[in-house]
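Notes follow once the structure below has been shown.
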Amino acid sequence: MAIIITDECINCGACEPECPNNAIYEGGAEWAWSEGTTLKGMITTLKGEEVDSEQENEPVDMDVYYIVTDKCTECEGFHDEPQCAAVCPVDCCIDDPDHPETEEVLLKKKDFMHL
C-alpha cells in the first residue's frame with residue numbers, strides 16, 4: 001500500500017528529499033508526474049488516464065507535507081523500507097489503508113516512472 005502523512009506532521013521536511021519518486025510535497029505545493037521521474041510530455045497513467053506529465057496538479061493537502069499516492073512505491077526497487085517513514089521524527093508516515101498495493105504493483109509503478 002502507499003504511504004500517507006498524517007496530520008501529526010510537524011512540517012520538518014525530513015521526508016521530502018528521501019523520496020526516490022519525488023512523491024512528497026510541502027503542504028500547498030502543486031505536484032507534477034514529471035518531477036523526479038523520467039516521464040515527459042503526454043502520458044497514460046497506470047489507471048489509463050491521459051495527462052500532461054508536466055502539468056501542475058492541485059495539492060493533496062494545504063497544511064502539512066503530503067504524498068501523491070499514484071507516485072508512491074513505498075521505495076520498492078530502491079530501498080528495503082519506505083525512507084520517509086525511516087526518517088520521520090514523529091512517526092507520521094504510515095501505511096495508507098485506503099490504497100493497498102502488492103509488491104508487484106509497487107514495482108510496476110516504479111518501472112512506469114523510471115524507464
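FYI, it's all coordinate maths here, none of it is from the lab. What you are looking at is a predicted structure, and each value in this text was computed from that prediction instead of being measured. When we count neighbours, we look across all protein chains shown, and the Cβ atoms used for this are built from the backbone with ideal geometry, even at glycine.
What the table below lists for this structure:
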{"quantity": "Extension gain from His114 to Lys47, taking 0.36 nm per residue of separation minus the Cα-Cα distance", "calculated": "22.4 nm"}
{"quantity": "Percent RCO, i.e. relative contact order, over the chain, from Cα pairs under 8 Å lying at least 6 residues apart", "calculated": "39 percent"}
{"quantity": "Label-point gap, in nm, between Asp91 and Asn11 - each point 7 angstrom along Cα→Cβ", "calculated": "2.4 nm"}
{"quantity": "Positive minus negative residues near Cys75 (Lys, Arg vs Asp, Glu; Cβ under 10 Å)", "calculated": "-4"}
{"quantity": "Whole-number Å³ per residue for the convex hull built on Cα positions in the chain", "calculated": "93 Å³"}
{"quantity": "Peptides ranked, highest mean first, by Cβ atoms within 10 Å: ranges 21-29, 103-111, 50-58, 76-84", "calculated": "21-29, 76-84, 103-111, 50-58"}
{"quantity": "C-alpha long axis of helix 103-113 to longest principal axis of the chain, angle in °", "calculated": "60 degrees"}
{"quantity": "Computed [θ] at 222 nm, deg cm²/dmol, the chain (DSSP H ≥ 4; -39,500 (n - 2.57); rounded to nearest 500)", "calculated": "-3500 deg cm²/dmol"}
